[in-house]
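The values are calculated or read from the model by the stated rules, or taken from the named source; none is laboratory data. Predicted model only: the values in this text are computed from it and were never measured. Note that we place each Cβ from the backbone using ideal geometry, even for glycine, and neighbour counts take in every protein chain shown. To get the accessible areas, we keep the full protein, side chains included, count just its heavy atoms, and leave off ligands, DNA and RNA. Shrake-Rupley method; radii C 1.70, N 1.55, O 1.52, S 1.80 Å.
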Amino acid sequence: MTSSFSKPLLEILSILPKQTWNSSLTQQKTLVGICQCRNFSCHGGSKKRKTTQLKDMLTSPDLEFIMEAHNGLSAKIVQEAGFKGLWGSGLSISAQWGVRDSNEASWTQVVGAVEFMSDATDIPLLLDADTGYGNFNNARRLVRKLEDRGIAGACMEDKLFPKTNSLHDGRAQPLATIEEFSLKIKACKETQHDPDFCIVARVEAFIAGWGLEEALRRAEAYRNAGADAILMHSKRKDPSEIEAFMKAWKNQGPVVIVPTNYYTTPTSHFRDMGVSMVIWANHNLRASVMAMQSVSAKIYKEQSLEGIQNQVTSVKEIFRLQNDQELVEAEKKYLPSN
């Protein structure tokens, strides 16, 4: 590899298959540019790979936060709000298409959605990858495709495919065996090219009603299989299940939580328990639904736009979020002058 490549690029070249470089220097530099834009900042942000940014967050001594997004626009809004990472919510991505969170959207459609999200931002994205969309073979293929698109990690849950959303009441939540899911994690970790790509193992034992002992047994097995972090899920209105797990876990590795239902718990309590990361999991989707319902109903009732102008953003703000000015400048540079 030529020494003309910068240090960050040499870092990414070191994780690519050697056969990739059996090509001309021009082709090599083209591939380097693609890798840089996908897994490094292309917008003036951190020079660390997005995968490394996510791994640093998971292993940080501080409590970290990532925020839900479901398309490129919402992802950019999340970054501009100051968040260091994105949660590619399966519920939100499926809901924006009007389908259920039961793997009705194909995995290729989901990958296409998060590609737009990654391209629009500098911060890492952790995808809610459900069960990995099948067995170990589906899951490891997903990992390869996510790496190609600059996605920093995948969170996979130990349910059976097709999954059922964890917050439903009265629904059966069948789980995979510990051995099957552990081997799925192992397959994913042995498939990834980037050593910092993160696999977060989501334990659904509490959701399925199996209790602390089973939750702990599964978390330990998944950690031993190579998971970079454990997401311990609970749909109780209080944090008691999370508290019990954190006490028994004894800081064996990073723990991620999703306090959608136990939202009244002070964030300081999560710090005191030793939680590594909090996911605000679906709130941009829910906020946008409420806003659209309100505006649509008002326009329908009043048959006018006058009453909603102070409730909607300007068209110019949409253009700004789309980075339209970059296109204006590019046209000056690349279009022939008349």
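In table form, for the structure just shown:
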| read-out | value |
| --- | --- |
| Tail fraction, Cα-Cα pairs, the stretch 185-296, threshold 19 Å, whole percent | 51 percent |
| Reach of Lys332 by Cα under 23 Å, taken over lysines that are not fewer than 8 positions away in the same chain | Lys316 |
| His283 versus Asn135: modelled label distance in nm, points set 7 Å from Cα along the beta carbon direction | 4.1 nm |
| Distance from the stretch 173-191 to the stretch 278-338 (C-alpha centre basis), Å | 41 Å |
| The stretch 58-152: proportion of alpha-carbon pairs further apart than 21 angstrom, % | 30 percent |
| Nearby aspartates and glutamates by direct alpha-carbon distance to Lys48 (threshold 14 angstrom, same-chain neighbours under 8 apart not counted) | Glu11, Asp56, Asp122, Asp194, Asp196 |
| Accessible area (Å², 1.4 Å probe, nearest 10) - Met273 | 30 Å² |
| 18 Å Cα-Cα reach of Lys237 towards aspartates and glutamates, excluding residues that sit fewer than 8 places from it in its own chain | Asp169, Glu204 |
| Entries of Lys50/Lys250; Lys47/Lys84; Lys47/Lys250; Lys50/Lys247 with Cα pairs more than 24 Å apart | Lys50/Lys250; Lys47/Lys250; Lys50/Lys247 |
| Debye equation applied to the C-alpha atoms of the stretch 257-338, log10 I(q)/I(0) at 0.11, 0.12, 0.16 Å⁻¹ | -0.65, -0.71, -0.84 |
| Extension gain (nm, one decimal) between Phe116 and Ala248, 0.36 nm per residue minus Cα-Cα | 43.6 nm |
| Ranked packing of 326-334, 105-113, most packed first, by mean Cβ within 10 Å | 105-113, 326-334 |
| Cα centroid separation - the stretch 196-215 against the stretch 108-149, whole Å | 20 Å |
| Cα-projected label distance for Arg271 with Asn338, points at 7 Å along beta-carbon direction, nm | 6.0 nm |
